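Input: a single structure, listed below in structure tokens.
Nothing in this text is a laboratory measurement; each read-out follows from the coordinates by a stated rule. On a predicted model such as this, the values are computed, not experimentally measured, just so you know. Note that we place each Cβ from the backbone using ideal geometry, even for glycine, and neighbour counts take in every protein chain shown.
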């Protein structure tokens, strides 16, 4: 996730980033379209790649044996919970989660770039601003509310619509926390990216750092959802 006050990529990098983004979206979209074991296998594969990158960051940032082992175990639980969440949630909910995370990134980027202002935690992630966070919350809230309207077919201002908006905004904060966690880990490890697997984008963990905690929290929220 990135606010808009980051240094802009060179034009030569933009093509690579755009091409990689198209390929990533196409693969993820195809996995969703195929569904079933195809989607399950895709989620597990992405999760394995994420854990590999996370473990690498832990190994580089923690040198004492016991804290390192604890970090590796905690990281495995973190990734496994996210994988479990994406496998058990209904497909429509997974699509909604992805839409909320993308909306958070997009809203944060444009509001951070156009407004700027104070940083949230410059020592961890110098590019993240409060304006970006609120912009991401607004965009995610609107997307969540839109999904509620789409599913119910009712465009009326009522408590459930406001709750749907609030859930989207809360998930945007959760996504930001996931981003900060990875940024903190990368700084400790002295790494710019989690890996160089995706041209122009770094590693898989760099792309789904916000999705992992959002998937976990969404499962808890779904468990509270009335039948």
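Counting helices only, and only those DSSP H runs with n ≥ 4, report the 222 nm mean residue ellipticity of the chain as the sum of -39,500 (n - 2.57) divided by its residues, in deg cm²/dmol to the nearest 500.
Details: 8 runs with 172 residues, N = 227.
It lands at -26500 deg cm²/dmol.
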Exercise. May I ask you to compute the full-extension gain from residue 115 to residue 188, defined as 0.36 nm times their residue separation minus their alpha-carbon distance, rounded to one decimal in nm?
Key: 23.3 nm
Quiz item: If we count other beta carbons within 10 Å of each Cβ, what is the order of 177, 50, fewest first?
Solution: 177, 50
Quiz prompt | Inter-label distance, nm, simple model (7 Å from Cα along the C-beta direction), residue 66/residue 152 | solution = 5.2
Quiz item: In nm, to one decimal, how far is the modelled label at residue 195 from the one at residue 22, with both set 7 Å along Cα→Cβ?
Solution: 2.5
Quiz prompt | At R0 = 22 Å, FRET efficiency that the Cβ-Cβ distance of residue 34 and residue 92 yields, to 0.05 | solution = 0.90
Exercise. Using only Cα atoms, figure out Rg for segment 55-140 and give it as a multiple of 2.2 N^0.38 Å.
Key: 1.43
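I'm a student and want to see the number: the projected area of the Cα convex hull of the chain, averaged over all directions, in nm². Don't skip to the end; give the middle numbers.
Details: hull surface 53.8 nm².
Average projection, Cα convex hull of the chain: 13.5 nm².
Which order results if 83, 27, 124 are arranged by neighbouring Cβ count within 10 Å, fewest first?
Neighbour counts put them in this order, fewest first: 27, 124, 83.
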